[in-house]
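These notes concern the structure reproduced below.
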Amino acid sequence: MPGVTSALAAAAYAGIPLTHRSHNSSVVLLTGHEDPSKPGATVRWEDYSNLKATLCIYMGVKNLATIARRLEAGGMPASTPAAIVESATTENHRTLLGTLGTLAELASDERVEAPAMIIIGEVAAFSEKLAWFESARQAAAAR
C-alpha cells in the first residue's frame, strides 16, 4: 500500500488491530536486522518485554529465534500471541499465527521468507476472527 508503513498494512490485511482498549494502547516499531557494520546491537529486546505494547518487527525472520529468546528472558510470556505476515497485501500474502514461544519454529517449518512483518502481542490473536483479506481470497478461489 503506497504511503502506508508496512507494519500498518500487514496488520490491516491480516486482521490484526495494532491497539485494542482491552489489551494494549501502544505500538512499537522495531528492526529485527540491524546494520552488521554497526558496533554492537542497539535494540535491547529485554526492555520491550513488559511494555504491554504490540511489537511490530521489520526484517526479523532470520533473527526470530534470538529475538523471541531475549523477549522471554525479559519477562514476556512464551504464550503471548504472535503472527508473521509474509508478503503482505500481495497475491503471495499469508499469515501464520502462533505464540512467542512457537513462532520461530513455525517460521522455519513453513519456510517464511522476506518480506515479512512479525507482530507480537495480545492483538495478534484477533487475526483468527478478522482476517478479511485471506477469507475473501479463499472465497474467490472457491468460485
- Query: In percent, how large is the relative contact order of the chain, given Cα pairs closer than 8 Å and 6 or more residues apart?
  - Reply: 31
- Message: Give me the 1.4 Å probe accessible area per residue for the chain, excluding ligands and nucleic acids, in Å².
- Response: 56
- Item | Expected-Rg normalisation [2.2 N^0.38 Å, Cα atoms] applied to segment 9-65 | 1.28
- Item | Heavy-atom accessible surface of the chain: percent carbon and sulfur, 1.4 Å | 53
- Note on the structure: Sorted largest first, the Cα spans of the chain on the principal axes come out in Å as 52, 36, 32
- For the residue pair residue 136 and residue 73, what label-to-label distance in nm results when each label sits 7 Å from Cα along the Cα-to-beta-carbon direction? 4.3
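The values are calculated or read from the model by the stated rules, or taken from the named source; none is laboratory data. Computed from a predicted model, the values in this text were never measured in an experiment. Cβ: placed from backbone, ideal geometry, glycine included. Neighbour counts: every protein chain shown. The accessibility values were calculated without ligands, DNA or RNA, using every heavy atom of the protein model including side chains. Shrake-Rupley method; radii C 1.70, N 1.55, O 1.52, S 1.80 Å.
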